[in-house]
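Asks: Dumping the structure here so I can ask a few things about it.
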Amino acid sequence: MSTDAIVLLKNDHKEILKTFKDFEKLGPDAHVRKGQLVNRMIELLTVHTYIENEVMYPRVRELLPELEDDVLESYEEHHVADVLVMELVAMKPDAERFTAKTTVLIENVRHHIEEEEKEWFPQVREGLGRKQLQEIGAEMAEAKARAPRTPAAPSALKKTIDAVVK
């Protein structure tokens, strides 16, 4: 399996997008299955944002400072997704706004994925060599093994917010 950082992130994107499509195919009364899929989305997004926030974004900021504005925007897009995820965690699948909130999460994450894959990844690939991308990918694979599977505990969330705000 490739340890190229961009390949790893694109593989995550495929799995996340498949979960979104599966959710969107369901009818309005498929509450149990919707709940299961949202739980899976939350796990996938929690792990994915963790490896990006902890490894990919800091390394790109360090190695390609000209992309800092893009990285900061990505942190903010993750923050919006985190807020929606935290709200979904507290909701029951048959709640009136559960499907609507999930749809907003899906729309936001799709936009983020599209920007990354069409604009940001090509710039990162051009700016970093194959060896650097493989090193970052190896760091990401290690981080993925220890990544939380559910939304951050308050102390971990505070650490992430502090890192973004500075």
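Each row is one residue, and each column tells you yes or no for (1) within 30 Å of Gln36 (Cα to Cα); (2) surrounded by 14 or more Cβ atoms within 10 Å (Cβ to Cβ).
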site: Leu67; (1), (2): no, yes
site: Val80; (1), (2): yes, yes
site: Glu87; (1), (2): yes, yes
site: Ala90; (1), (2): yes, no
site: Ile106; (1), (2): yes, yes
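Asks: Something else now. Hey, could you check the range 1-29 for residues that are without any contact (Cβ under 8 Å) to a residue 40 or more places away in the chain and not in a helix (DSSP H, G or I) and say which is surrounded by the most Cβ atoms within 10 Å (Cβ to Cβ)?
Replies: Looking at residues that are without any contact (Cβ under 8 Å) to a residue 40 or more places away in the chain and not in a helix (DSSP H, G or I), I get Leu26.
Asks: Kindly establish whether Val83 is in contact (Cβ under 8 Å) with a residue 12 or more places away in the chain and in a helix (DSSP H, G or I).
Replies: no
Asks: For the range 129-136, indicate whether the set of residues that are within 17 Å of Pro58 (Cα to Cα), crowded, with 19+ Cβ neighbours inside 10 Å and modelled with pLDDT of 95 or more is non-empty.
Replies: yes
Asks: Can you say whether Ala163 is at pLDDT below 95, surrounded by fewer than 14 Cβ atoms within 10 Å (Cβ to Cβ) and more than 16 Å from Leu8 (Cβ to Cβ), as far as the supplied structure shows?
Replies: yes
Asks: Return the residue satisfying two criteria in turn: it lies in the range 86-127 and is in contact (Cβ under 8 Å) with a residue 40 or more places away in the chain and of a type in the set (Lys, Arg), and of such residues it is farthest from Glu68 (Cα to Cα).
Replies: It comes out as Lys92.
The values are calculated or read from the model by the stated rules, or taken from the named source; none is laboratory data. What you see is a predicted model, and the numbers here were worked out from it, not measured in a lab. Because the Cβ atoms are built from the backbone with ideal geometry, glycine has one as well, and the counts that use them run over all protein chains shown.
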